[in-house]
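**Student:** I have a structure here, written as structure tokens, and I will follow up with some questions on it.
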Amino acid sequence: MSKRRPPLVIRLCAPRGFCAGVDRAIQIVELALERYGVPVYVRHEIVHNRYVVDGLKAKGAVFVDELDEIPETEQPVIFSAHGVAKAVPQAARARNLFQIDATCPLVTKVHREAEILHRKKGREIVLIGHAGHPEVVGTMGQLPPGAVCLIESEDDARTFLPQNPDNLAWITQTTLSVDDAAAIVAILTDRFPNILAPHKDDICYATTNRQEAVKQVAANVDAMIVVGAPNSSNSQRLREVAERVGCPLAILIQRATDIDWARLERISRLGITAGASAPEALVDEVIEAFATRYDIHVDVVNTASELVTFALPRQLRETAAE
């Protein structure tokens with residue numbers, strides 16, 4: 001006689017997974033392969049997800065760390081969704097490389113904002129973000145060295161010494177914790193009352209929506225699983241949000257094979273979400289893994305509707321229309 005499986009309620013966050021910028025970036029690589037054939041070169045991971053990158057590699061995409069790894073070619077070179085410093089497209093033009101920009105339009109908006117605040121309004125720029133993240137590297141690379149000061153924490157905000165306290169402006173990485181960013185901004189605003197804020201919040205709609213969904217779920221489950229990559233900023237922030245609202249156990253995994261069953265053996269309520277660069281196939285895989293061990297009931301917790309779409313680069317619009 002087979003052993004009866006214990007019951008498990010899965011509270012599935014919605015929205016979760018792909019955002020419009022990630023969906024657009026992946027589509028750009030796929031359409032470029034369709035229009036121009038193989039290989040298509042991609043500088044850095046198009047999005048932070050190994051499953052996605054491996055899938056595109058199998059179709060003929062070649063991922064490189066830097067442009068000097070690309071041979072002389074007429075094939076497309078695609079820049080990742082995280083954006084790049086100005087020096088990168090300049091270097092591509094110097095080599096006559098055919099470049100296609102897959103930067104998320106919401107990241108491009110931050111780039112333009114930084115330029116306007118610095119070049120037209122003469123402001124010293126404070127960027128709230130994480131050192132070394134590709135988006136931060138790209139945003140800082142829009143302006144001359146020294147024009148942007150990176151603030152990573154509340155302590156940084158308290159000790160920051162600007163050149164002119166009355167001539168500041170702040171911008172943020174798009175994938176930050178909403179609460180962390182707000183706390184840092186509050187300190188900066190208190191210290192520097194004349195600091196300029198962005199015209200519109202830089203933290204993207206998808207980051208905000210996914211964090212809000214986790215807040216609604218994580219406080220009422222025994223454990224929270226975030227499907228996403230360890231180098232994905234928005235995925236890491238989802239795990240931190242779950243911990244902050246009191247979830248006893250919040251885990252970031254890349255796929256079902258990463259599940260540590262021993263840590264989850266006594267749970268009866270499980271929350272699941274996915275970072276903005278994690279495909280729904282990986283969420284399904286995780287749910288199916290639990291279904292082999294538990295008698296599951298899936299309850300979708302929907303906190304927002306997302307209807308955002310972004311236009312494709314002009315080079316690929318005709319292919320997409322076909």
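The values are calculated or read from the model by the stated rules, or taken from the named source; none is laboratory data. What you see is a predicted model, and the numbers here were worked out from it, not measured in a lab. Cβ sites come from the backbone with ideal geometry, for glycine too, and all protein chains shown count toward neighbours.
**Student:** Is it the case, given these coordinates, that residue 129 is farther than 17 Å from residue 47 by Cβ and crowded, with 22+ Cβ neighbours inside 10 Å?
**Tutor:** Values: farther than 17 Å from residue 47 by Cβ: yes; crowded, with 22+ Cβ neighbours inside 10 Å: yes.
Criteria met by residue 129.
**Student:** Let me spell it out: the conditions are (1) surrounded by 14 or more Cβ atoms within 10 Å (Cβ to Cβ); (2) of a type in the set (Val, Ile, Thr); (3) over 30 Å from residue 242 (Cα atoms), and residue 174 meets all of them except one. Which number is the exception?
**Tutor:** If we test residue 174 against (1) surrounded by 14 or more Cβ atoms within 10 Å (Cβ to Cβ); (2) of a type in the set (Val, Ile, Thr); (3) over 30 Å from residue 242 (Cα atoms), just (3) comes out false.
**Student:** Is it the case that residue 190 is under 16 Å from residue 127 (Cβ atoms) and either buried (at least 17 other Cβ atoms within 10 Å of the Cβ) or not polar (S, T, N, Q) (or both)?
**Tutor:** Working: under 16 Å from residue 127 (Cβ atoms): no; either buried (at least 17 other Cβ atoms within 10 Å of the Cβ) or not polar (S, T, N, Q) (or both): yes.
So residue 190 does not fit the description; no.
**Student:** Sticking with this structure for a sec: Does residue 73 satisfy the criteria of being of a type in the set (S, T, N, Q), part of a loop (DSSP other than H, G, I, E, B) and in contact with a helix residue (DSSP H, G or I) (Cβ under 9 Å, 6 or more places away or on another chain)? Let's see the steps before the verdict.
**Tutor:** On the way: of a type in the set (S, T, N, Q): yes; part of a loop (DSSP other than H, G, I, E, B): yes; in contact with a helix residue (DSSP H, G or I) (Cβ under 9 Å, 6 or more places away or on another chain): no.
No: the conditions fail for residue 73.
**Student:** Go through (1) crowded, with 24+ Cβ neighbours inside 10 Å; (2) in contact with a Cys (Cβ under 9 Å, 6 or more places away or on another chain) and name the single condition residue 209 misses.
**Tutor:** (1)
**Student:** Residue under question is residue 169, and the condition is that it be assigned to a strand (DSSP E or B) and not assigned by TED's automatic domain parsing to the domain that holds residue 82; does it hold?
**Tutor:** Yes, satisfied.
**Student:** Oh, and also: Return the residue satisfying two criteria in turn: it lies in region 112-123 and is surrounded by fewer than 21 Cβ atoms within 10 Å (Cβ to Cβ) and without any contact (Cβ under 8 Å) to a residue 60 or more places away in the chain, and of such residues it is farthest from residue 153 (Cα to Cα).
**Tutor:** Filtering first and then ranking leaves 120.
**Student:** Picking from 14, 61, which residue would you name as being at pLDDT 95 or above and farther than 23 Å from residue 225 by Cβ?
**Tutor:** On the way: 14 fails: farther than 23 Å from residue 225 by Cβ.
Exactly one residue qualifies, and that residue is 61.
**Student:** Those residues that are out of contact with any strand residue (DSSP E or B) (no Cβ under 8 Å at 6 or more places or on another chain), closer than 14 Å to residue 12 by Cα and assigned to a loop (DSSP other than H, G, I, E, B), I need them from region 191-228; list them, please.
**Tutor:** Within region 191-228, just 219 meets the criteria.
**Student:** I'm trying to understand the selection: among the residues of region 85-116, which are charged (D, E, K, R) and either part of a helix (DSSP H, G or I) or out of contact with any Phe, Trp or Tyr (no Cβ under 9 Å at 6 or more places or on another chain) (or both)?
**Tutor:** So the first thing to find is which residues in region 85-116 are charged (D, E, K, R), and the list is 86, 93, 95, 101, 109, 112-113, 115.
Result: 86, 93, 95, 109, 112, 113, 115.
**Student:** Count, please, the residues in region 216-231 that happen to be buried (at least 18 other Cβ atoms within 10 Å of the Cβ) and either within 18 Å of the chain's Cα centre (by Cα) or on the phi > 0 side of the Ramachandran plot (or both).
**Tutor:** Quick first cut of region 216-231, residues buried (at least 18 other Cβ atoms within 10 Å of the Cβ) only: 217-218, 221, 223-229.
Still in the running and either within 18 Å of the chain's Cα centre (by Cα) or on the phi > 0 side of the Ramachandran plot (or both): 225-229.
The qualifying residues number 5.
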